[in-house]
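A.B. asks: Got a structure for you, questions after.
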Amino acid sequence: MIPWLVSLSCEYLNVDLQHPAMRRMDLTNIDLPDCSKTLVWCSHVLEHITDDRKALSEIFRVLAPGGLLVLQVPIGGDETFEDPKMVSDADRLENFLQEDHVRLYGRDFTKRLEEAGFDCEMLSTASLSDSDQSLYALKHPVYREVFVCRRPTTT
């Protein structure tokens, strides 16, 4: 996917805190200027970050007015479930679906995004026909939602 994204924009930048990336960066302390990006694509990251609200605040800060944030996180139901006492791999696997997750989001995630200042829409592959869901391998119940958010042009 990276070569395709690079072909679309000479300003493409991929960041990660622990894995190989163009720049090593922490989403809770993004080393980029205010309003410097028009698109942030954050796929399956926030469920790993203890202070996801701080990360959302930082993403909002670096997005230009009218900028787009595309997010994907595992969704386990209607309400987000967090419990900071769950620190063992077994507890996290059972409750958050993976040993290094710190929460399991719900469809109420849009509220958290709106609290960060974004205008947000949740799209779901459930709106596609069963045949299209099967054809494109989109039937997994935890990975159906995509959140498309904009930083308002005025705050």
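A.B. asks: Of all the strands (runs of 3 or more DSSP E) wholly in the range 46-155, which have at least 2 residues that are within 30 Å of residue 33 (Cβ to Cβ) and in contact (Cβ under 8 Å) with a residue 40 or more places away in the chain?
C.D. replies: So the answer is 63-72, 145-150.
A.B. asks: Shifting gears a bit: Restricting the range 25-45 to residues that are in a strand (DSSP E or B) and touching a strand residue (DSSP E or B) at 6+ places or on another chain (Cβ under 7 Å), which is surrounded by the fewest Cβ atoms within 10 Å (Cβ to Cβ)?
C.D. replies: Taking the candidates together, the pick is 43.
A.B. asks: Another question about this same structure. Taking the residues in the range 1-24 that are assigned to a loop (DSSP other than H, G, I, E, B) and among the aliphatic types (A, V, I, L, M) as candidates, determine which candidate is farthest from residue 55 (Cα to Cα).
C.D. replies: It comes out as 1.
A.B. asks: Identify the single condition in (1) crowded, with 18+ Cβ neighbours inside 10 Å; (2) in contact with a helix residue (DSSP H, G or I) (Cβ under 8 Å, 6 or more places away or on another chain); (3) within 30 Å of residue 153 (Cα to Cα) that residue 63 does not satisfy, given that it satisfies every other one.
C.D. replies: (2)
Every residue, every condition in (1) within 16 Å of the chain's Cα centre (by Cα); (2) at pLDDT below 95; (3) among the aromatic types (Phe, Trp, Tyr); (4) over 24 Å from residue 15 (Cβ atoms), yes or no:
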residue	(1), (2), (3), (4)
53	yes, no, no, no
58	yes, no, no, no
63	yes, no, no, no
73	yes, no, no, no
80	yes, no, no, yes
88	no, no, no, yes
103	yes, no, no, no
125	no, yes, no, yes
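A.B. asks: Filter the range 94-119 down to residues that are basic (Lys, Arg) and surrounded by fewer than 18 Cβ atoms within 10 Å (Cβ to Cβ) and give me whichever is farthest from residue 55 (Cα to Cα).
C.D. replies: Among those residues, the one meeting the criterion is 107.
The values are calculated or read from the model by the stated rules, or taken from the named source; none is laboratory data. The shown structure was predicted, so the numbers you read here are calculated from the model rather than taken from an experiment. Here Cβ is always computed from backbone atoms with ideal geometry, including for glycine, and neighbour counts include all displayed protein chains.
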